[in-house]
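Take a look at the structure set out below.
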Amino acid sequence: MSSNEKPTTRPTLGLGGLTINAMALIAPGAFLWLTFFIQSSYGAPMAAQGMWFGIFAALLLCLATAIAYAELSKLYPGAGSSYFFAEQAFLSKTKAYRFARIAKFMVGWASHLYYWVYPGLMVGVTALVVGYMVGQIWPDSFNAAIPSPLFMIVFCPLFAFGVAYICFRGVTGTTAVNTAINVIQITALVVFSVIAVGYRLNHPQGSVGITLDPSGAPITKVIATDKDGKPLKDAQGNFVIAKTPDGKDQDFIVDYSMPLQKGPSADDPKVMVDQFQYHSSGASVVAPHNFNYMFIQACIAILILVGFESVTSMGEEAKNAKRDIPKAVILSLLIQGLVCYLIEYFAANYFLHNGYQISNALGSSAPVGDMMIIVGTWLFGSAAAGKAFMLVQAFTVFLALVGTTLSCMSTGARVTYAMGRDEEVPEHFGLLHGEKLTPHRAIWTLAFLSAVIRSSPSCSISLDRPLKRMTPSRDCPKTSGTALESGVTISLQRFRKARWSSRW
């Protein structure tokens, strides 16, 4: 290559590599832990009843969008994803080609800004997860529910630039890291799902089960309470165990007979309303129950399923883009959504019972972590083993967050790279590193933004909030919906000429 010749991307990814990179961004190993509280609280006190079916409905909607992206990637393989698709779709129209610049500008900047914000959001969330783990390991020094601000300030830049370095090293290294992370996170969630279902099956109605005491420790006994319902403690500060009429310690008995319980309304505490607490059967988990509940859950589930479209930004690095990228888009969504998400959400919802119900999840800093402590204690026979099991699973959540941040940063850098080549952003973003062949300037810029965006007031990832608030709030909506809807709109214009009979 001459000194005046600009470096270009090299096609190195096959179907497996493309699918793995898209799967890493969807990250079911992370988002069950991160969003279970939100899915339990939105539309409370009843909407959690439709959690599983809402995810299924969202999956069907995403599948329709994935098909649109797959068809577009067949027609227009290249870097930039929806930004590139918008331009090419209008350029192919004799009467509408003049709107190509407007289309790619609007769609490109919507997608571009999303990918510049999202990695920083994940950096902040990862800091909160790691802060929770540190608080569990050293509870006397750190607070698991409210991680140390100083710890997070130090952690965020290190994490952001560490992930950026992996991304900078090249697409082959990124794919290798994402492969390992996908294997680990899927294995971990399958293990948890099997154990959670096993716990429910081995604890029928009326059996002795495990619950958590007010300090979060697993216990098989009932704690005594005073007339106001507050737990009693002895002189040493230990919780007092309730006694049976014959003077023995009272066992905690598992009950599935009251999935709906009366509780005070959020609007008026004097009014008692029905509150959903757990499912009475496996059939109840997968039932839609109510259209409104399903719709609420589907709106949240959309946020955990998007990411399949990210692989379309790697068109120039695919060995056979027209053949493999459409397959990778569909496969990544089906593997992570249809298989992983539906299995793990069924297991988590099926596990719920009177020993750990929705009201407990709403008061917890990490509901899925609590579930892991209970099932780990049951399976391995001690509270210490249950906590160790939870920490191992939490570490796989951290790895999954590495993968989703890495995949998002890689995708975002490539969208910025495509826009830089077209001078929609400063043209130096459209340059590749001479040796690594990666859009290095976009990557390091994203790393810097990710390191500082954690404290952005518009995204509600505040350092003084409990872990249960660590997911993106309504104040920071993902703008990916704009890009997805644009993709669907453009694809509808082009489907009449697309050859549906072409082989994948």
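Quick notes on this one:
- Test result for SER73, in a helix (DSSP H, G or I), touching a residue at least 24 places away in the same chain (Cβ under 8 Å) and within 17 Å of the chain's Cα centre (by Cα): no
- Among (1) within 21 Å of the chain's Cα centre (by Cα); (2) among the hydrophobic types (A, V, I, L, M, F, W, C); (3) within 25 Å of GLU316 (Cβ to Cβ), the one test that ILE67 misses: (1)
- Number of the exception - LEU59 against (1) more than 18 Å from VAL329 (Cβ to Cβ); (2) part of a helix (DSSP H, G or I); (3) touching a Phe, Trp or Tyr at 6+ places or on another chain (Cβ under 8 Å): (1)
- Scanning region 44-58 for residues that are open to solvent by 10 Å² or more (accessible area, probe 1.4 Å) and of a type in the set (A, V, I, L, M), we see that the one that is modelled with the lowest pLDDT is ALA44.
- Those residues of region 244-280 which are of a type in the set (Gly, Ala, Ser), in a loop (DSSP other than H, G, I, E, B) and over 15 Å from TYR356 (Cα atoms), in sequence order: GLY247, SER265, ALA266
- Hits in region 294-320 (condition: surrounded by fewer than 21 Cβ atoms within 10 Å (Cβ to Cβ) and of a type in the set (Phe, Trp, Tyr)): PHE295
- Qualifying residue in region 387-404 (condition: over 18 Å from GLY209 (Cα atoms), in contact (Cβ under 8 Å) with a residue 12 or more places away in the chain, assigned to a helix (DSSP H, G or I) and hydroxyl-bearing (Ser, Thr, Tyr)): yes
So that you can scan it fast, the table gives a plain yes or no per residue for (1) open to solvent by 10 Å² or more (accessible area, probe 1.4 Å); (2) touching a Phe, Trp or Tyr at 6+ places or on another chain (Cβ under 6 Å):
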site: ASN21; (1), (2): no, no
site: TYR42; (1), (2): yes, no
site: ALA64; (1), (2): yes, no
site: SER73; (1), (2): no, no
site: TYR76; (1), (2): yes, yes
site: TYR83; (1), (2): no, no
site: ALA86; (1), (2): no, no
site: PHE90; (1), (2): yes, yes
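- Verdict on GLN205 being in a strand (DSSP E or B) and either touching a residue at least 12 places away in the same chain (Cβ under 8 Å) or crowded, with 16+ Cβ neighbours inside 10 Å (or both): no
- Among residues that are more than 15 Å from the chain's Cα centre (by Cα), modelled with pLDDT under 95 and buried (at least 20 other Cβ atoms within 10 Å of the Cβ), SER410 is included.
To keep it simple, each residue is scored yes or no on (1) free of Cβ contacts under 8 Å to residues at least 24 places away in the same chain; (2) in contact with a Lys or Arg (Cβ under 6 Å, 6 or more places away or on another chain); (3) farther than 16 Å from THR377 by Cβ.
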residue	(1), (2), (3)
GLY198	no, no, no
PRO214	no, no, yes
ASP226	yes, no, yes
ASN238	yes, no, yes
ILE241	yes, yes, yes
GLY247	yes, no, yes
SER257	no, no, yes
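- Restricting region 171-229 to residues that are of a type in the set (Lys, Arg) and in contact with a Phe, Trp or Tyr (Cβ under 7 Å, 6 or more places away or on another chain), the residue that is modelled with the lowest pLDDT: LYS221
- Scanning region 233-243 for residues that are at pLDDT 90 or above and assigned to a loop (DSSP other than H, G, I, E, B) yields VAL240, ALA242.
- Sole exception among (1) part of a helix (DSSP H, G or I); (2) more than 20 Å from the chain's Cα centre (by Cα); (3) not acidic (Asp, Glu) for ILE296, by number: (2)
- Of all residues in region 135-168, those that are assigned to a helix (DSSP H, G or I) and either buried (at least 19 other Cβ atoms within 10 Å of the Cβ) or at pLDDT below 90 (or both) total 18.
- Flag if GLY412 is in contact with a His (Cβ under 8 Å, 6 or more places away or on another chain) and over 12 Å from PRO218 (Cβ atoms): yes
- Here ASP370 fulfils each of the conditions (1) among the charged types (D, E, K, R); (2) open to solvent by less than 50 Å² (accessible area, probe 1.4 Å); (3) over 20 Å from the mean Cα position of the chain (by Cα) apart from (3).
- Cβ pairs under 7 Å, 6+ apart, first in region 129-146 and within 22 Å of LEU32 (Cα to Cα), second open to solvent by less than 70 Å² (accessible area, probe 1.4 Å) and hydroxyl-bearing (Ser, Thr, Tyr): GLY131/SER148; TYR132/SER365; ALA144/TYR132; ALA144/SER365; ALA145/SER365
- Only one of GLY403, GLY376 that is buried (at least 24 other Cβ atoms within 10 Å of the Cβ) and under 26 Å from THR9 (Cβ atoms): GLY403
- Scanning region 340-352 finds one or more residues that are open to solvent by less than 10 Å² (accessible area, probe 1.4 Å), part of a helix (DSSP H, G or I) and farther than 29 Å from THR19 by Cα.
- Hey, ASP268 among the charged types (D, E, K, R) and modelled with pLDDT of 90 or more or not: no
- Among the residues of region 353-364, those identified as open to solvent by less than 30 Å² (accessible area, probe 1.4 Å), small (Gly, Ala, Ser) and either in a helix (DSSP H, G or I) or under 20 Å from ALA388 (Cα atoms) (or both) are ALA361, SER364.
The values are calculated or read from the model by the stated rules, or taken from the named source; none is laboratory data. In this text the structure is predicted, and so the values were computed from the model without any measurement. Note that we place each Cβ from the backbone using ideal geometry, even for glycine, and neighbour counts take in every protein chain shown. The area values use the complete protein model at the heavy-atom level, side chains included, leaving out ligands, DNA and RNA. Shrake-Rupley method; radii C 1.70, N 1.55, O 1.52, S 1.80 Å.
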